[in-house]
1. Would you mind telling me which residue in Lys122, Lys161, Lys56 has the biggest mean-square fluctuation in a Gaussian network model of the chain, where springs connect alpha carbons within a distance under 10 angstrom?
2. Please report Rg (one decimal) and Dmax (integer) in Å for the Cα set of region 133-209.
3. Which value, in debye to the nearest 20, gives the size of the charge dipole of the chain about its Cα centre, when Lys and Arg are +1 and Asp and Glu are -1 at the Cβ?
4. Counting only DSSP beta bridges with both residues in the chain, what percent are antiparallel, rounded to the nearest 5?
5. Work out the P(r) tail for the chain: percent of alpha carbon pairs separated by more than 27 Å, whole number.
6. With the cut-off at 13 Å, report for region 26-78 the share of all Cα pairs above it, as a whole percent.
7. So for region 16-92, averaging the separation of alpha carbon pairs under 8 Å that are six or more residues apart and normalising by length, what relative contact order in percent results?
8. Semi-axes of region 1-101's equivalent ellipsoid from the Cα gyration tensor, sqrt of 5 times each eigenvalue, largest first, rounded to whole Å?
Amino acid sequence: MRTKRIAVLVSGGGTNLQALIDSQAKGDLGNGRIELVLSSKDGVYALERAKNNGIKTKVLARKEYGDIKEYSRALADTLVGEKIDLVVLAGFLTIIDEQMYEAFPNRIINVHPALIPSFCGKGYYGLRVHEAALEKGVRVSGATVHIVTPECDAGPIILQKAVEVKRDDTPETLQKRIMEEAEWVLLPLAVRLLCDDRLTVEDDKVYID
């Protein structure tokens, strides 16, 4: 089986990227290997994480492109040129359009810090997700890894993990617990399943072989 080439797309500090790098170092990404870390902004710490681990980096600054269509075309062309098999969005805060979905059908994944379909969709990102969960008074929250489709946070679900919400939680403490107990566990596992060809998508549902 040919090794699958992974690109991780980032816009910030790269904590989920680090979870993937750590998993790769332990041999836990199966048939996948991170070949590129691409950022929508220059100077973010995720780029340093990649460089410190000998991973190729590239900056494709969103501000240098006129619109989403132009940026998505450049992004798709870059990733196709790098012969990428799987695209992982890890805190990538830039909208992409159908050009990316057509170039990588069912091969773009994202981790969302809630149990979809709760607290997801347009406007739900970062601490806003956890603020909404605490305001609602939910007993559990968690994380979801899903395939990315044109509709925000609506793609087929690959994996989910619940995390307890504690009485004295703040958005920050809940965010940290969900990252440590769910996001950093689920994302490497989902990558491994995809790279080992253990997932199939039928009727907008993911089946694990």
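1. In this elastic network of the chain, the residue with the biggest mean-square fluctuation among Lys122, Lys161, Lys56 is Lys122.
2. For region 133-209, the Cα-based Rg and Dmax read 14.2, 42 Å.
3. Around 480 debye, computed over the chain.
4. If I count the DSSP bridges inside the chain, around 45 percent turn out antiparallel.
5. Working: 5979 of 21736 pairs.
When every Cα pair of the chain is considered, 28 percent fall beyond 27 Å.
6. Values: 876 of 1378 pairs.
Considering region 26-78, 64 percent of its Cα-Cα pairs are separated by more than 13 Å.
7. Numbers: 54 pairs, mean separation 21.6, N = 77.
So the answer I get is 28 percent.
8. Working: eigenvalues 100, 52, 21 Å².
Over the Cα atoms of region 1-101, the semi-axes work out to 22, 16, 10 Å.
The values are calculated or read from the model by the stated rules, or taken from the named source; none is laboratory data. These numbers come from a predicted model, not from an experiment. Glycine gets a Cβ as well: all are built from the backbone with ideal geometry, and neighbour counts include every protein chain shown. Note: accessible area is taken over every heavy atom of the protein model, side chains too, but ligands, DNA and RNA are not part of it. Shrake-Rupley method; radii C 1.70, N 1.55, O 1.52, S 1.80 Å.
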